[in-house]
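In what follows, a structure is listed as structure tokens, so that the remarks can point back to it.
A short reminder: the numbers here are calculations on the coordinates, not readings from a lab. Just so it is clear, the model here is predicted, and its values are computed rather than measured. Note that we place each Cβ from the backbone using ideal geometry, even for glycine, and neighbour counts take in every protein chain shown.
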Amino acid sequence: MVHPQSTTPIPIIDPAPARTHTMVTRPQRGIVKPLERFPLLTSSVSPIPKSPFLALKDINWCNTMYDEYNALVKNGTWILVSRPTDANLIRSMWLFKHKFHADGTLSLYKARLIANGSSQQLGVDFDETFSPVVKSATIRTVLSLAVSRKWPIHQLDVKNAFLNGDLSETVYMHQPSGFVDPRYPQHVCLLQRSLYGLKQAPCVWFQRFAGYATRAGFSHSRLDSSLLIFTQGSQVAYLLIYVDDIILTASSTVLLQQLIDSLHKEYDMTDPEDLNYFLGISAVRHPTGLFLSQNKYALQLLEHAHMITCNPSRTPVDTDSKLGPDGVPVQDPTLYRSLAGGLQYLTFTCPDLSYAVQQICLYMHDLREPHFAVLKRIMHYVHGTLELGLHLYAFATTSLVRYTDADWAGCPSTRWFTSGYCVFLGDNLLSWSAKRQHTISCSSAESKYQGVANVVAETAWIRNLLRELHSPLLTATLVYCDNVSVVYMSANPVQHQRTKHLEIDIHFVRDMVKAGHVWILHIPSRLQYADIFIRCLSSALFEDFRSRLSVHPPLAQTAGAY
């Protein structure tokens, strides 16, 4: 049967509207979506807890909190008393921190109970707060002498050092969070001993340690209160203390062990070990000396700045860089100030950073975008020089040599000048400085002479320090300056009318020259190593002067302590 054809027309479907643009896919553009990879392994290191109650739920932090609390109770740090009605009551806080070895591996979990000293009142629960800190030049001088004499060098740490201080003030504190005595929940702690966080804690701890040191036979250096000297017949020992970290070196292992035993009887201390890592500084003993570096600390700074993968730079500042007060203000200066402070500490083993860091620290009160750009340039340089450090050589250290220089009217806005110097004991760099002087000089000779006066003052201090350390200098200290007028003025009363306003500096230097303590000599500018502390240098010259400062990579082979 044949069906007749339908007369109903088939509806026509309109095609899709024409596209107004050409479709391009991601593969055509070379765009590849990154493949998300989820880690199958997690770190075994417990993260830092955000509260003491969370810490008590983690076995690692819980154990260290109980160790800290039990140590405080055993030490008799406080007694529980009824809460006084009119007393100033301060709060207690828990701080948590990971401590690492020099190679970056976890050393221990550290929990510390501290007092919130910000709520203390002057004249009520604290008075004196000052505590001396050992000078960096003193540390390098003692280490240089110990290395040259091939003495053993040990490091020690006083456990809970501030808890040993005796309080003379009445201080009340809330009971620690998580450790409130269920029998007396309303009682408060009357402190019998010092506690971390108290404003007077560093002061009373140092007083306690100084009293012990005197009884043990140590004498304080007149030039640095944190340097203690022990003499027993022909045997000598030096002790450096920085808060609770101690560096101890002696002329014999017998005397060294005798002093370590004495310290252990007085305080609870870590086991002594050869100097290897102190104050964030790695120390590696090798046959020709000691290598000091801050590689781990520098990496932490780069991570803090989110620049761990940045490109390296050969110099910390550009040769045309002249910072001034101009530019767009920085909205949030917190990161800048934090990094600038960290870079300042990095100069302990990186003298090549001194001038650049000094420049960025001049504008901490009024930050501008150009200042931040210079700081980032410094971080690029730090990334490229992570392996560098300061070498202290085990050679004869009988001569003291200094280089000093100053840039005349170097500041573009104030025309103040920057002076710099470096001090060598033999081949070992002991001290250096890059500092903006808040005066205006009418000539380059005036600015350089004031720089000479600064370095001569430092010379007098180090000569006296070496005398206390049983290494008196028998010859004059050579001070090199690249200005002929300065050399003439140091020994002759020339150009008197033009230098009347520098009279004190001139007489001071001349007296030191007449006494035979210093000798001012001329040196060509191409050999003036102090230039690295006062101005921007080309890459080749900067690297040459940096090498002259004994800043090198570590030696391929190292050895243990002698």
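Details
- Per residue, the convex hull spanned by the Cα atoms of the range 52-279 amounts to 139 cubic angstrom.
- Stretchable slack from Asp157 to Ser225, in nm (0.36 nm times residue separation minus alpha-carbon distance): 22.6 nm
- Translational D in µm²/s for the chain (Stokes-Einstein at 37 °C, 0.692 mPa s, Kirkwood Rh from C-alpha pairs): 118 µm²/s
- The range 312-382: C-alpha pair distances exceeding 15 Å, %: 47 percent
- Membrane-span-like helices of the chain, defined as complete DSSP H segments with a Cα extent of 15 Å or more along the helix axis and a mean Kyte hydropathy of at least 1.0, are identified as 136-148.
- Mean Cβ count within 10 Å, highest first, over the residues of peptides 223-235, 156-168, 181-193: 156-168, 223-235, 181-193
- Most tightly packed first, judged by the mean number of other beta-carbon atoms within 10 Å of their residues, the peptides 114-121, 527-534 read 527-534, 114-121.
- Of Lys50/Lys376; Lys74/Lys199; Lys74/Lys99; Lys74/Lys135; Lys159/Lys296, pairs whose Cα-Cα distance is over 29 Å: Lys50/Lys376; Lys74/Lys135
- Convex hull volume per residue in cubic angstrom - Cα atoms of the range 258-398: 186 Å³
- Within the shell defined by Cβ-Cβ distances under 12 Å, the residues around Ile139 carry a net charge of 0, with Lys and Arg each +1 and Asp and Glu each -1.
- Using the Cβ of Met512 as centre and a radius below 13 Å, the other residues enclosed give a net charge of +1, where K and R count +1 and D and E count -1.
- Surrounding net charge for Leu527, when Lys and Arg each add one and Asp and Glu each subtract one, Cβ distance under 14 Å: -1
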